[in-house]
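**Q** Got a structure for you, questions after.
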Amino acid sequence: MKSRILIGAVVLTVAAVAAYGGRRYFSAATSFGIDPSPEAADDVAKTSDPKSVKLPPDKLKAAGITLTQVVTALLRPENDVPGRLKYDDRRHVEVRTATPGIITNVCVNPGDHVKAGDVLIELSSSEVGNARADVLQRTSELKLATENRDWEKEICDGLAKLSAAIRDRVPIERIKLEFRDVTLGKNREQLLSAYSDVLLAESLVNAVQENAGSGVVPGRIIEERINSRDNAEATLLTALESLTFTANVSLRHAETQADDLERRLSISRQAVQTLLGQSAADETPAAKNGTGTSVSREEIPESLSLVQLRAPFAGTIERRLFSPSERVAAGDAVLTLADTSTLWVYADLREREWKALVLKPGDEIRVEPSTPGAKPLAARVHFVGREVDLSTNAIPLVAVIDNINGQLRPGMFVQVAVPLAESRQALTVPESSVLEHDQRTFVFSPGDDGSFRRIDIIPGLRVDGVVEVISGLAEGEQVVTSGGFYLKSEMLLDGEE
């Protein structure tokens, strides 16, 4: 019973092989110098060489055999390691709130493209409102202090000019005319009155001194007039010194107060910036007010408690975690914004790939996406880690890959080809040309008589669809690229017969 089963199996196998041979297809036989006539098709050509096969024209005609030449190419020993695509950390951020509040408006949805500065979320915060109110108060106080400082400085400058005019004994009428628009404060009346007294006393002294020689005016009167003049002049000088000193002290007080209020305003602004989660460089352009200080539109919007979270750069909204009317705490992530025009490729280099540690930033490596039909892509090394991860015993490799077309997604698996040695020149054939049988590697090469000869080779590197040929072939020789498997089957069948 067992022998019958065995015989039946052998018969079925032979029939299947024959049917398989009949179904094989080849390219036009005429390209290899074989007669395609029907008479020749009835003969299965055989060669005396066990490593050569010659096909009948009908099978050769339907095969579609293609040839290529052995060429020299630059190959680099590589090893494929698993990797994963992640966001480019330089263009990926979780938008967080720096202050607690209640969300009043969500302006974007996942998948929306935004520009830098676009409003993403609006919320109401009482803390921000109080901080902005404090900025307004400090701004008003600084404005008053600045005006007072400027007033005191004008008074000091006016007093200095008036003192110089008085010491030069400029006529009182001329002083009144020239100092009409000069700021002197409450000192004007006191100084001009004292100066008038001095001028009057001097004129009286001059008058009595003219008549002193004739004896008309007694000496006592002359002494009284001179004494009155000296007293008036002393009173004037005292007033000048006192009022100048008081004005300078008032100016210093005003300057100190203005400086203090300016510092307090700066602290208040920093408090607002901290609550808004921004630095001074992030502020919108400020509008100048009358004091020379500035209040930005971000600090003082129409509603003091309004907080607008803006896009720090152009990108796509990847996630949204909150909806309107929800309460958020300080530090809560409300949105994820990313620019996916570039992605990072993460891979781990273990001991067998440590020769790849010679990679430098900017070096190009090959990345193969896991999606069916995807072509290998080029990526450039961003950095190679300096420390071995104790949990994985690996060193991280990060490369930047272009994703302008948006076909790649963060989280996808990829294969990363990392170099294990320097590139070298080598003879190569397509990987589809290389066949194996009985632990031997070989290719088929066309002969002049239309036959195909098996040539044993020693393969080397297999890189990116090509195989290095260490020995067995020479540059320029032709090998079969497609259809080699059918030739192998025919050769094995001929050998069995």
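The values are calculated or read from the model by the stated rules, or taken from the named source; none is laboratory data. Keep in mind that what you see is a predicted model, and the values were worked out from it rather than measured. Please note: Cβ atoms are built from the backbone with ideal geometry, for glycine as well, and neighbour counts cover all protein chains shown.
**Q** Please determine whether any residue of the stretch 401-415 is touching a residue at least 40 places away in the same chain (Cβ under 8 Å), assigned by TED's automatic domain parsing to the domain that holds residue 347 and within 30 Å of residue 484 (Cα to Cα).
**A** yes
**Q** Of the residues that make up the stretch 438-456, is at least one assigned to a loop (DSSP other than H, G, I, E, B), in contact with a strand residue (DSSP E or B) (Cβ under 9 Å, 6 or more places away or on another chain) and under 30 Å from residue 355 (Cα atoms)?
**A** Checked against the condition, which is being assigned to a loop (DSSP other than H, G, I, E, B), in contact with a strand residue (DSSP E or B) (Cβ under 9 Å, 6 or more places away or on another chain) and under 30 Å from residue 355 (Cα atoms), the stretch 438-456 yields no hits at all.
**Q** Looking only at the stretch 354-367, decide whether some residue is outside the structural domain of residue 473 (by TED's automatic domain parsing), farther than 30 Å from residue 475 by Cβ, surrounded by 18 or more Cβ atoms within 10 Å (Cβ to Cβ) and not aliphatic (A, V, I, L, M).
**A** no
**Q** Please pick out the residue among 98, 116 that is surrounded by fewer than 17 Cβ atoms within 10 Å (Cβ to Cβ) and of a type in the set (Gly, Ala, Ser).
**A** 116
**Q** Any residue that is assigned by TED's automatic domain parsing to the domain that holds residue 224, of a type in the set (Phe, Trp, Tyr) and outside any helix (DSSP H, G or I) - is there at least one of those in the stretch 193-200?
**A** no
**Q** Only one of 161, 143 is touching a residue at least 12 places away in the same chain (Cβ under 8 Å), assigned to a helix (DSSP H, G or I), surrounded by fewer than 17 Cβ atoms within 10 Å (Cβ to Cβ) and of a type in the set (Lys, Arg); which?
**A** Exactly one residue qualifies, and that residue is 161.
**Q** Still on this model: Only one of these is closer than 30 Å to residue 345 by Cα, assigned by TED's automatic domain parsing to the domain that holds residue 54 and acidic (Asp, Glu): 448, 464, 438, 456. Name it.
**A** Just a single option satisfies the conditions, and that option is 464.
**Q** Can you confirm whether the stretch 63-72 contains a residue that is modelled with pLDDT under 75 and exposed (fewer than 14 other Cβ atoms within 10 Å of the Cβ)?
**A** yes
**Q** Within the stretch 83-102, which residues are over 12 Å from residue 335 (Cα atoms) and out of contact with any Lys or Arg (no Cβ under 8 Å at 6 or more places or on another chain)?
**A** Answer for the stretch 83-102, where residues must be over 12 Å from residue 335 (Cα atoms) and out of contact with any Lys or Arg (no Cβ under 8 Å at 6 or more places or on another chain): 83, 84, 86, 87, 88, 89, 90, 91, 98, 99.
Let's see how each residue does on (1) at pLDDT 90 or above; (2) in a strand (DSSP E or B); (3) within 22 Å of residue 111 (Cα to Cα):
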residue	(1), (2), (3)
303	no, no, no
319	yes, yes, yes
340	yes, no, yes
344	yes, yes, yes
347	yes, yes, no
352	no, no, no
362	yes, no, no
382	yes, yes, no
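**Q** Please state which one of 220, 225 is surrounded by 12 or more Cβ atoms within 10 Å (Cβ to Cβ), modelled with pLDDT under 85 and in a helix (DSSP H, G or I).
**A** 225
**Q** May I pose another question? When you look at residue 135, is it of a type outside the set (Lys, Arg), farther than 30 Å from residue 184 by Cα, modelled with pLDDT of 90 or more and not in a strand (DSSP E or B), yes or no?
**A** Answer is yes for this residue.
**Q** A further question follows. Can you name every residue in the stretch 177-207 that is exposed (fewer than 15 other Cβ atoms within 10 Å of the Cβ), among the acidic types (Asp, Glu) and within 17 Å of residue 238 (Cα to Cα)?
**A** Result: 189, single match.
**Q** Okay, next question. Just to be sure I understand, how many residues within the stretch 417-444 are of a type in the set (Asp, Glu), loosely packed, with under 14 Cβ neighbours inside 10 Å and under 16 Å from residue 463 (Cβ atoms)?
**A** 1
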